[in-house]
Each structure stands twice: as C-alpha cells, then as structure tokens.
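Rule-based calculations on the coordinates, nothing more; no lab input. Being a predicted model, the structure only gives us computed values, none of them experimental. For neighbour counting, all protein chains shown are included, and Cβ atoms are generated from backbone atoms with ideal geometry for every residue, glycine included.
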Amino acid sequence: MFMICLIRTMNPATLNFAQALLKDAEIETFLFDMNTSVMDGSTIIIRRRLMVIDEDEEEARAILEAGGLGKELM
C-alpha cells in the first residue's frame, strides 16, 4: 500500500471541497505539506497535496471528476 497524490494546490477551498466529496464516499484523505507551505509564505513553491491510498485512487478520481474538480487532478 502506498499514497497517491490526486491534487496539488495552494487553494484551501479546493482542498476542503475535495476532502468533503471524498469523506462522503468514505474515502480517507491525507494532506501533505500543510505546514511547509505555510512556512513558505505566499509563494507557490510548495503546494499542498491531497493524498489517498492507492487502493482508493480510481474511485477517488471518479468522484472528484464528477464533483467538477477534474481540472485539478494530477
């Protein structure tokens, strides 16, 4: 089992919406680089990452695309 990055962004609204969609589907999410991106300030060098376990990737992608976040997917 390993982690897959689905979205990489600086937009907290996008991350919150994506997490809500996946939570409703009972898919556990993990946010990486939250503290690092805050320390970085307002630059976009370090974007926050929304991660899921590899077993949930296909379903999570379908849910996010259906929710209108297809452009945000990596």
Answer with a single label: of [x] 18, 13, 12; [y] 43, 14, 7; [z] 21, 13, 10, which was calculated as semi-axes √(5λ) of the Cα gyration tensor in Å from the structure in view?
-> [z]
Tilt relative to the chain, helix 57-66 - C-alpha long axis, 0 to 90 degrees, to 10 = 80 degrees
Quick one: if the Förster radius is 25 Å, what FRET efficiency do residue 55 and residue 35 give, using the C-beta to C-beta distance and rounding to 0.05?
-> 0.40
With θ set to phi - 60° and the Karplus curve 6.51 cos²θ - 1.76 cosθ + 1.60, what are the ³J(HN,Hα) couplings of the stretch 11-19 in order, to the nearest whole Hz, using x for Gly and Pro?
-> 8, x, 5, 4, 5, 5, 5, 4, 4
